[in-house]
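Notes follow the structure.
The values are calculated or read from the model by the stated rules, or taken from the named source; none is laboratory data. Computed from a prediction, not measured in an experiment: that's the story for all the values here. Note: ideal-geometry Cβ built from the backbone for every residue, glycine included; neighbour counts use all protein chains shown. Please note that ligands, DNA and RNA were not included when accessible areas were found on the heavy atoms of the full protein model with its side chains. Shrake-Rupley method; radii C 1.70, N 1.55, O 1.52, S 1.80 Å.
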Amino acid sequence: MTLQREDPFNVKGVLKHAKKNKNGLHQPVLVKEVLENLLLESPKVICDATVGTGGHAEAIVAKVKPSVRLICIDRDANALNIARRRLAPYRNRICFAHLRFSQIENLLSRLNLKEVSGFLFDLGLCSTQLENKKRGFSFQLDGPLDMRMDRSQEKSAFEVVNYYSQSDLVKIFKRFGQEKYSKKIARAIVSRGKVSPISTTFQLRVLVESVINPKFRIKSLARVFQAIRIEVNQELEELKQGLNQAIRCLAPKGRLCVISYHSLEHRLIREKMRKESKGCICPPHLPVCCCEAKANLRVITTKPITPSLEEKERNPRARSARLWAAEKLTHV
Ligand SMILES: C[S@@+](CC[C@H](N)C(=O)[O-])C[C@H]1O[C@@H](n2cnc3c(N)ncnc32)[C@H](O)[C@@H]1O
């Protein structure tokens with residue numbers, strides 16, 4: 001299990017690009033490919049589970065008939081407000097919800113909606129989150145150690161860094177960052193924490209830099225920051241639950257599209273799609289099936305779709321993006 005890129009969020013590239021990006025909004029990736037794979041001939045309800053600043057949602061709502069309803073979800077109230085303003089011309093067709101993936105089924109039942117024609121998950125962070133130093137996501141910007149996507153949540157990066165034990169920090173850096181120097185970094189954090197709390201991104205950065213060879217510093221910083229962020233926001237657990245709930249709520253022939261940005265997400269989605277499209281899981285030596293498991297999905301993208309060179313040039317954040325698409329089978 002290795003990270004495919006040293007800086008999965010391409011922090012430097014994204015920040016440099018942000019200066020040129022005049023409207024200041026997050027630039028959605030793989031928009032054409034999402035529309036091609038997400039939209040059926042006559043969708044009724046589409047759920048954008050990661051509306052962010054509304055780029056994909058705007059493209060979707062502009063493309064579908066006025067009778068199609070959109071549900072736009074985000075756990076970040078700030079992003080949701082930006083999306084609300086951006087999508088104001090379509091407000092009669094959109095329901096906005098401030099919640100997490102793991103609350104999708106609950107929302108749909110409150111809306112009395114039984115089936116959804118398409119789900120989009122565009123994972124990770126918006127550039128508006130990454131570029132805001134007060135959110136504390138980036139080791140390139142000095143800000144409070146925060147990293148909460150939902151600022152009403154209690155646990156922030158401060159709690160993880162200052163209150164987790166050394167062995168828990170090692171586990172997180174290994175599991176969510178695949179960081180080779182996990183022990184060294186965790187030890188440095190815990191011993192510095194005994195003197196005074198580590199409360200800013202730059203304090204954490206300096207600490208990591210103090211124990212890592214300059215040649216590997218950027219990689220280690222990217223991995224450590226990624227690991228803390230995943231832990232703070234429980235991103236992989238949320239993704240698992242979100243996919244399960246979306247698959248259950250999809251209408252027959254409904255579409256599931258997921259855009260992932262790093263190897264932990266890629267692997268989770270690949271395995272989920274494989275499992276859900278497989279059906280019977282009985283050992284091969286059994287003459288008849290006794291598990292009665294049925295396939296729920298037909299995978300459309302046997303290999304995930306990646307952005308064109310032109311898109312990667314234009315939008316550095318697209319560099320590591322992969323789009324996975326599947327269709328709900330009709331017999332279930
Ligand atoms: C890459 S951005 C989406 C950008 C969006 N597609 C656009 O075009 O502007 C990812 C968004 O997903 C949200 N998000 C991440 N995990 C979430 C979760 N578990 N539940 C709800 N929203 C989540 C983040 O807050 C962020 O706004």
Give the residue, chosen from Val258, Val211, that is open to solvent by less than 60 Å² (accessible area, probe 1.4 Å), of a type in the set (A, V, I, L, M), outside the structural domain of Val160 (by TED's automatic domain parsing) and over 17 Å from Gln140 (Cα atoms). Val258
Look at Asn112 and say whether it is free of Cβ contacts under 8 Å to residues at least 24 places away in the same chain, within 14 Å of the ligand (Cβ to nearest atom) and assigned by TED's automatic domain parsing to the domain that holds Glu36. no
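Only one of these is of a type in the set (Lys, Arg) and either open to solvent by less than 70 Å² (accessible area, probe 1.4 Å) or within 22 Å of Asn132 (Cβ to Cβ) (or both): Arg175, Arg217, Arg223. Name it.
Working: Arg175 fails: either open to solvent by less than 70 Å² (accessible area, probe 1.4 Å) or within 22 Å of Asn132 (Cβ to Cβ) (or both); Arg217 fails: either open to solvent by less than 70 Å² (accessible area, probe 1.4 Å) or within 22 Å of Asn132 (Cβ to Cβ) (or both).
Every option except Arg223 fails the conditions.
Conditions tested, residue by residue: (1) at pLDDT 90 or above; (2) exposed (fewer than 14 other Cβ atoms within 10 Å of the Cβ); (3) farther than 30 Å from His56 by Cβ.
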site: Leu286; (1), (2), (3): no, yes, yes
site: Cys291; (1), (2), (3): no, yes, yes
site: Lys303; (1), (2), (3): yes, yes, no
site: Glu311; (1), (2), (3): yes, no, no
site: Pro316; (1), (2), (3): no, no, no
site: Trp324; (1), (2), (3): yes, no, no
Please work out which one of (1) more than 12 Å from the ligand (Cβ to nearest atom); (2) assigned by TED's automatic domain parsing to the domain that holds Thr306; (3) open to solvent by less than 10 Å² (accessible area, probe 1.4 Å) is the condition Asn244 fails and give its number. (3)
